[in-house]
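The block underneath contains the structure these notes are about, expressed in structure tokens.
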Amino acid sequence: MRCPYCGGLDTQVRDSRPTEDNTAIRRRRICPDCGGRFTTFERVQLRELMVLKRSGRRVPFDRDKLARSVDVALRKRPVDGERVERMLSGIVRQLESMGDSDITSETIGEMVMEGLKQLDDVAYVRFASVYRNFREAKDFENALAELSQEGEVKAEAEGPKDKPKAAGKTPPRSAE
């Protein structure tokens, strides 16, 4: 593995361990030339995925690019990194299991938006604003309306919530 600091080719593995979800191996490495330390991840790749861009170009799928775009949407948001990693791994597994090695960028974008919707509403709107190319405030209002409608549907599906009664208080009696 090439050292990202000095470009040396003879880096050494100091520690290897599986990630929490066992979908990758995390390796801590050190460069004997410059002493630089860095981490690499080894993941299973079922097939070589190609992304069909809107422009018609075909480019190799890049998990790191996907992770960077999700990180931008989640910047300064209180979301656990493990949850983000599980979401990304789930998206990649879905893409690999689709059976086709050519995936449209629209498919990937929709999967990311669904994943972000489950993680963080603000990150979802941030990603959607770039992905859907929001041009005016009305576009944001529509995205927020969509989120609130889905929240209401989810609340209805969960059923009514029983409100706990305050301790030591009796309900008021009706005058008959």
Q: Within the range 14-39, work out how many residues are at pLDDT 90 or above, surrounded by 12 or more Cβ atoms within 10 Å (Cβ to Cβ) and not in a loop (DSSP other than H, G, I, E, B).
A: 7
Q. More than 30 Å from Ala145 (Cα to Cα), polar (S, T, N, Q) and either within 11 Å of the chain's Cα centre (by Cα) or not assigned by TED's automatic domain parsing to the domain that holds Val13 (or both): does that describe Ser89?
A. no
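Identify the residue in the range 40-57 that is polar (S, T, N, Q) and either within 30 Å of Thr11 (Cα to Cα) or outside the structural domain of Gly115 (by TED's automatic domain parsing) (or both) and, among all such residues, is surrounded by the fewest Cβ atoms within 10 Å (Cβ to Cβ). Let's see the steps before the verdict.
Step one: of the range 40-57, the residues polar (S, T, N, Q) are 40, 45, 55.
Filter again for either within 30 Å of Thr11 (Cα to Cα) or outside the structural domain of Gly115 (by TED's automatic domain parsing) (or both), leaving 40, 45.
Details: Thr40: 15, Gln45: 11.
Taking the candidates together, the pick is Gln45.
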Q: For the range 77-98, state whether one or more residues are without any contact (Cβ under 8 Å) to a residue 24 or more places away in the chain and at positive phi.
A: no
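Within the bounds of the range 58-69, is there any residue that is farther than 22 Å from Phe127 by Cα and either in the same structural domain as Leu147 (by TED's automatic domain parsing) or surrounded by 11 or more Cβ atoms within 10 Å (Cβ to Cβ) (or both)? Please lay out each step first, then the result.
Going through the range 58-69, the residues farther than 22 Å from Phe127 by Cα turn out to be 58.
Remaining after also requiring either in the same structural domain as Leu147 (by TED's automatic domain parsing) or surrounded by 11 or more Cβ atoms within 10 Å (Cβ to Cβ) (or both): 58.
Scanning the range 58-69, I find at least one residue that is farther than 22 Å from Phe127 by Cα and either in the same structural domain as Leu147 (by TED's automatic domain parsing) or surrounded by 11 or more Cβ atoms within 10 Å (Cβ to Cβ) (or both), so the answer is yes.
The values are calculated or read from the model by the stated rules, or taken from the named source; none is laboratory data. All values reported here derive from a predicted model rather than from experimental measurement. No Cβ is skipped: glycine too gets one built from the backbone with ideal geometry, and neighbour counts run over all protein chains shown.
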